[in-house]
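J.: Take a look at this one; I'll ask things after.
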Amino acid sequence: MILPKSNRLTREQVAEITAIVAEFGCKIQPIVGEMRTIYAIVGDERDELMINRLEGLAYIDRIDRIQSPFKLMDRRSDLATGRLKLGGVTLGEELLVIAGQCTIDPKNGNYFLETAQAVKEAGAQALRGGVWKPRTNPYSFQGDARSLEILMEASRRTGLPVVTEVMEQEHINLALDAGVHVLQIGARNALNYSLLRQVGRAIAGRPTAVLLKRSIHSGPLNEFISAAEYIVSFGNPNVILCPRGTAPSIDGYRNTPDEGITPLLKEKTWAAVVVDPSHSVGKAAYVPACALAAVAYGADGLCLEAHVEPAHGIGDDPKQAVTPAVLAEIVAKARALHTLVRQPAAVA
Ligand code: PEP
Ligand code: MN
């Protein structure tokens, strides 16, 4: 990773380093961070001669050779200084609450518009709503592009940024054209590298962020972080890690709650961790406890399913969505806990 002395290199300087690394079979990928742009060397970056030549350039500060399976996502990476902002919240400083319906019902758009207003009043700073849905049964409702209009109308009315899941290039194009702020990659696609590549390429050079769910198949944490790294490697570092429970193992819970991995993720990577307790436990009654547990573990935010009338929802909402009143209670307690958790330890 090339760290320049200035905030970013000039076109001529980029051309010069590109020509140098090309001699060693490598390419340059700029990653535009909040503070400055860094330049990842794509390929085998270990050649001493290449490094010496780059470090010899007057405008280069140093070449960072982090020995890590995920050099960009590593806590020691230069990208760690950047902080993602969403809905007026700086992640890592204030708790981010994303809430809204699992699925937007295209035939009953008013529910979503009411839910959006209600979750805002309950304290959410971002809105979630599924337009396209991955389903266990392919004959189940898989979404409707009309729901995208409802999502964006809710965003305009509330002023909140919106999150929606994409599963293919067409969804990515439609969502970005409509102005969706955060693209979600769901648990079933979390390791679908061609989708990660499509999303990474599509958001490069845009302010868009990605909410990357943890794979339903669990797997090592390095795999989760490396999937995020792959998205970032196309140039946009705005990736959020979202544990959402892994394959079921506890009778009564939809999945196996995994908010407890938060401290481990934070030890390895600088990325913000926003936990989804709704898909984790899968039942509204257990969501508040799981949400607070996530905050106790150090999560930077929560992504919750909520609905003004869960019984009239579609997708996961009848089972999982909390009401706005419950959401307000979760938000109040979670904020208080977040402040408590961040107080400096009394003992070293
Ligand atoms: C969702 O957010 O509604 C969803 C389907 O999530 P996951 O991919 O975590 O199951
Ligand atoms: Mn859902």
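J.: Would you check if residue 137 is open to solvent by 60 Å² or more (accessible area, probe 1.4 Å) and within 16 Å of ligand 1 (Cβ to nearest atom)?
T.: yes
J.: Among the residues of the stretch 317-348, which ones are assigned to a helix (DSSP H, G or I) and β-branched (Val, Ile, Thr)?
T.: Listed by number, the residues that qualify are 326, 330, 331, 339, 341.
J.: What is the number of the single condition among (1) without any contact (Cβ under 8 Å) to a residue 24 or more places away in the chain; (2) under 16 Å from the mean Cα position of the chain (by Cα) that residue 110 does not meet?
T.: Here residue 110 clears every test but (2).
J.: Have a look at 100, 123 and point out the one that is open to solvent by less than 30 Å² (accessible area, probe 1.4 Å), small (Gly, Ala, Ser), within 16 Å of ligand 1 (Cβ to nearest atom) and on the phi > 0 side of the Ramachandran plot.
T.: So the residue among 100, 123 that is open to solvent by less than 30 Å² (accessible area, probe 1.4 Å), small (Gly, Ala, Ser), within 16 Å of ligand 1 (Cβ to nearest atom) and on the phi > 0 side of the Ramachandran plot is 100.
A quick yes/no check of all residues on (1) open to solvent by less than 10 Å² (accessible area, probe 1.4 Å); (2) within 16 Å of ligand 1 (Cβ to nearest atom); (3) of a type in the set (Ser, Thr, Tyr):
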site: 284; (1), (2), (3): no, yes, no
site: 287; (1), (2), (3): yes, yes, no
site: 291; (1), (2), (3): yes, yes, no
site: 295; (1), (2), (3): yes, no, no
site: 298; (1), (2), (3): no, no, no
site: 307; (1), (2), (3): yes, yes, no
site: 314; (1), (2), (3): no, yes, no
site: 317; (1), (2), (3): yes, yes, no
site: 320; (1), (2), (3): yes, yes, no
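J.: Still on this structure: Filter the stretch 140-160 for residues that are within 13 Å of ligand 1 (Cβ to nearest atom) and either touching a residue at least 60 places away in the same chain (Cβ under 8 Å) or basic (Lys, Arg) (or both) and give the result.
T.: Of everything in the stretch 140-160, just one residue is within 13 Å of ligand 1 (Cβ to nearest atom) and either touching a residue at least 60 places away in the same chain (Cβ under 8 Å) or basic (Lys, Arg) (or both), namely 141.
J.: Still on this structure, I have one more. Out of the strands (runs of 3 or more DSSP E) lying entirely within the stretch 1-110, which hold 2 or more residues that are in contact with a helix residue (DSSP H, G or I) (Cβ under 7 Å, 6 or more places away or on another chain) and within 16 Å of ligand 2 (Cβ to nearest atom)?
T.: Qualifying strands (runs of 3 or more DSSP E): 96-100.
J.: Return the pairs, sorted by first residue and then second, in which the second residue is of a type in the set (Gly, Ala, Ser) and open to solvent by less than 80 Å² (accessible area, probe 1.4 Å), the first residue lies in the stretch 52-65 and is within 12 Å of residue 6 (Cβ to Cβ), the beta carbons are less than 7 Å apart, and the residues are 6+ apart or on different chains.
T.: What qualifies is 59/6.
J.: A follow-up question, please. Here are some conditions: (1) open to solvent by less than 20 Å² (accessible area, probe 1.4 Å); (2) out of contact with any Gly (no Cβ under 9 Å at 6 or more places or on another chain). Residue 71 meets all but one. Which one does it not meet?
T.: In the conditions (1) open to solvent by less than 20 Å² (accessible area, probe 1.4 Å); (2) out of contact with any Gly (no Cβ under 9 Å at 6 or more places or on another chain), residue 71 misses (1) alone.
The values are calculated or read from the model by the stated rules, or taken from the named source; none is laboratory data. Everything numeric in this text was worked out from a predicted model, so none of it was measured. No Cβ is skipped: glycine too gets one built from the backbone with ideal geometry, and neighbour counts run over all protein chains shown. The accessibility values were calculated without ligands, DNA or RNA, using every heavy atom of the protein model including side chains. Shrake-Rupley method; radii C 1.70, N 1.55, O 1.52, S 1.80 Å.
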